[in-house]
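Note sheet for the following structure.
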Amino acid sequence: MHSDDHILEYAGAFRLVRKIAQGGMATVYEAEQLGPAGFAKRVALKVIHPHYAKEKTWLQLFIHEAKLSANLVHGNIVQIYHLGEVEGQFYITMEYIKGPTLRNMIERHRELDRLIPTNIAAYIVSRVCRALDFAHNFVGPDGRRLDIVHRDVSPNNIMATWDGHIKLADFGIAKASTSVDPMDKSPMLMMGKKHYMSPEQILALDVDGRSDVFAMGVVLYELLTLEPLFYEDATELLIDEVTWRPLPNIREKVPAVPKVIEEVLMAALDRDPAHRPSAATMGKALDRWCEAQSVVATPDRLQEHLAVLFPSTYQPSTASGEVTRFSNF
């Protein structure tokens, strides 16, 4: 672990357990938040890299994530608990999720050479749509709509808990009507994962919640096919691929895809945001399809699926109700 991160331990606030992930701007740890009388709470601790903390724009973005996300209390959104600072070291404490990301799930299915069951894929996407609908329509304490746009929806930022629930994470570059957006000052600054951007986002145009819906379409395509929708690495070629090149026919990849799922997918991937459904409409369409199936996707079904996918990692709760420790992903 970086020596600067131990400042948090020296201050007696946390015990760092392991590094979960490291990104360009911050590192995320599994940690125990410590308190009096032996109190300890397992949390995820996001620590901004010291060199970014010295840059006003990036520090403001980190602080904005905490302030914007703190009140987004929803069952399908990773909960933010606290923004803190110790000797110039800024950190966010958040809900610790035990379970894999969608990226882990996709890669595991590729290893097994098995498609993800359509009802599981539809269920996952419908839960993320619920989270996005909540964020898109969130109203601040003063009664004003914040018009939050996530802008970074991707398999890395969607997690499944071992008991079968879905959580959307990382509002780090989310845009709200009340916030200052670094991309307004630097339109060529591409923030987010470029292979999951909507046409309007990759062209640095104004975006609203329908941009996240396009990203969910890209995620749904990948869940159904186990292949990314967009491949190009060079930015210029990727812009062409996202904005005007014909999209692949999913039936050529997955001939048995249900007609309703195909229709939902193509509506979400419409290049014109005016023709895309809202996150709520997309989620409800998937819910209706799931409910009509002989095997209805539920948290229990997803839990069972994860147990089969990750037999050496998944462990159910013990009889006493205490959750057992899980291996690293």
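Every read-out reported here was derived from the displayed coordinates using simple, explicitly stated rules and does not represent laboratory data. Predicted model only: the values in this text are computed from it and were never measured. With ideal geometry, Cβ positions are generated from the backbone for all residues, glycine too; neighbour counts draw on all protein chains shown.
Between R251 and E85, full extension at 0.36 nm per residue minus the direct alpha carbon distance yields a gain of 54.6 nm.
Consider the candidate values [x] -0.25, -1.00, -1.33; [y] -0.21, -1.04, -1.50; [z] -0.38, -1.05, -1.31; state which one is log10 I(q)/I(0) by the Debye sum over Cα atoms at q = 0.06, 0.13, 0.16 Å⁻¹ computed from the structure displayed. This structure yields the entry labelled [y]. Straight-line cross-link reach from K175 at under 28 Å between alpha-carbon atoms covers these lysines, not counting any fewer than eight positions away in the same chain: K19, K46, K54, K56, K67, K98, K167, K185, K193, K194, K284.
Taking 7 Å steps out from each Cα toward its Cβ at Q293 and V260 produces label points 1.1 nm apart.
If only the Cβ of Lys and Arg carry +1 and only the Cβ of Asp and Glu carry -1, the dipole of the chain around its Cα centre is close to 520 debye. Spin-label pair K56-W244: with each label point 7 Å from Cα along the Cα-Cβ axis, the two points sit 4.0 nm from one another. Name the residue, out of E95, E252, E107, whose mean-square fluctuation peaks in a Gaussian network model built on the chain with Cα pairs under 10 Å. Of E95, E252, E107, the most mobile in the Gaussian network model is E252. Taking each residue as 0.36 nm, the span from T235 to L34 lengthens on full extension beyond its C-alpha to C-alpha distance by 67.9 nm. Per the Debye calculation on the stretch 39-197 with a single equal scatterer at every Cα and no solvent contribution, log₁₀ I(q)/I(0) for q = 0.14 Å⁻¹ amounts to -0.79.
Counting 0.36 nm for each residue step from L16 to H109 and taking away their Cα separation leaves a gain of 30.3 nm.
Counting charges near P100 (Lys, Arg +1; Asp, Glu -1) among other residues having Cβ under 14 Å from its Cβ returns a value of +2. Sites listed here are trypsin sites (Lys or Arg not before Pro) in the stretch 232-289 whose DSSP assignment is loop and whose Cβ has at most 13 other Cβ atoms within 10 Å, and the list is empty.
Based on DSSP H segments of at least four residues, each scored -39500 (n - 2.57), the chain has a per-residue ellipticity at 222 nm of -11000 deg cm²/dmol.
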